[in-house]
């Protein structure tokens, strides 16, 4: 079973790329944020999930082993298929997702196409113990001291309603001063960041 590929990015389109590994091209599905990050003809490595069905053998690629493990955890929940699980990885990082599940917050999952409210609640219920109760304080304890507190769904919705993409909204909200607690103030600060 494939679990890792390293090669040159030969082709990118919508939700997949083709990676050339010593003359063999592998079609690998990746999330939108990773696809946007990768440059053609650049060398890259991907951790791979191989999904086997009666009529297909699909490969799903991830930047880190942590992302792959979260993808596999999501697949363990009834009603969540690979496309939906990949969509989840585009909406939130593995760390943000663990934190949301630990808090019992399913709102971030509802933003994914193919995941309704009931499925999102089932994901949180089934995975809460598996991911552990990751507190915000432990999420913040990283080497550079930057905040990893995830943006609320309402803040992301507000920015998306103003025409920004999900990725732009999520990215700029991560850079907002963590001392700002009020959503309105956080949105204003995010808009100033987007205006630069």
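Every read-out reported here was derived from the displayed coordinates using simple, explicitly stated rules and does not represent laboratory data. All values reported here derive from a predicted model rather than from experimental measurement. Neighbour counts are summed over all protein chains in view; Cβ atoms, including those assigned to glycine, are modelled from backbone coordinates with ideal geometry.
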Taking only the alpha carbons of the chain, the radius of gyration and the largest Cα-Cα distance, Dmax, both in angstrom, are 17.5, 53
Inter-part gap, Cα centre of the stretch 163-196 to Cα centre of the stretch 27-95, in whole angstrom, is 27
When 48, 18 are arranged by how many other beta-carbons sit within 10 Å of their Cβ, fewest first, they go 18, 48
Computed from every Cα-Cα pair in the stretch 4-62, P(r) in 5 Å bins starting at 0 and rounded to whole percents is 4, 20, 34, 26, 10, 4, 1
So the angle from the long Cα axis of helix 117-131 to the longest Cα principal axis of the chain, reported in degrees to the nearest 10, equals 80
Here the Cα Rg-to-2.2 N^0.38 Å ratio for the stretch 65-137 is 0.95
Hull volume per residue for the stretch 151-195, using the convex hull of the C-alpha atoms, in Å³ is 58
So the FRET efficiency between residue 57 and residue 113, C-beta based with R0 = 22 Å and rounded to 0.05, is 0.40
FRET efficiency (residue 188, residue 1; Cβ distance; R0 45 Å; to 0.05) is 0.40
